[in-house]
């Protein structure tokens, strides 16, 4: 195990957590994707890319379970850099195949990418505010969703959905005042950073 590399990954992840905690304390966490958070996500993604290029995916045998999970968290949050996040998915897939990372991490990263591409998810792990003011998500083949989740070690969807709704409410998360405006902003951001093409005029 590379203790120095593990500490580097954990420091990057702690920066992410500290930024989130500051935004939560200021009541800004659920007011859109702040510039402060975006900057941290971009910089951390670049740092993770350098690590992956030099060492391969920071898997269990290389950095241990805590830092390996932190690396996955960094990849999950690399949403400002679509090309990097897609590359992290490829590296993580190889690590999962080699037994160096859990399949659930790959499932969640896959869903994160599909969410930002505007496509239905496979495992239903990324929630967003729906038009009814509830956190939910769109999935493909919903009848077999729980089978797919079980295959990668995820609990039933209804269980996770209820838990996430409770956690968001406990942090003060509320649906947007203007859902249509928020949807337009999210679409514009996805186009701007490269997740989607410009919509037809």
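A short reminder: the numbers here are calculations on the coordinates, not readings from a lab. In this text the structure is predicted, and so the values were computed from the model without any measurement. Cβ atoms come from the backbone with ideal geometry, glycine included; neighbour counts cover every protein chain shown.
A compact table of results
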quantity: The range 114-195: relative contact order as a whole-number percent, Cα under 8 Å and 6+ apart; calculated: 25 percent
quantity: Helix axis angle, 35-55 relative to the chain longest principal axis, alpha carbon, degrees; calculated: 30 degrees
quantity: Overall form of the range 1-101 per C-alpha gyration tensor (a/c, 1.5; a/b vs b/c); calculated: prolate
quantity: Distance (nanometres) between label positions extended 7 Å along Cα→Cβ at residue 128 and residue 180; calculated: 1.8 nm
quantity: Sequence of 72, 129 once ranked by neighbouring C-beta atoms within 10 Å, starting from the fewest; calculated: 129, 72
quantity: 222 nm mean residue ellipticity, helices alone, for the chain (DSSP H n ≥ 4; -39,500 (n - 2.57); rounded to 500); calculated: -21000 deg cm²/dmol
quantity: Extension reserve of the residue 61-residue 24 stretch, reckoned as 0.36 nm per residue once the Cα distance is removed; calculated: 9.9 nm
quantity: Angle between the chain longest axis and helix 157-170 axis [Cα atoms, degrees, rounded to 10]; calculated: 80 degrees
quantity: On Cα atoms only, tilt of 179-193 relative to the major axis of the chain in degrees; calculated: 40 degrees
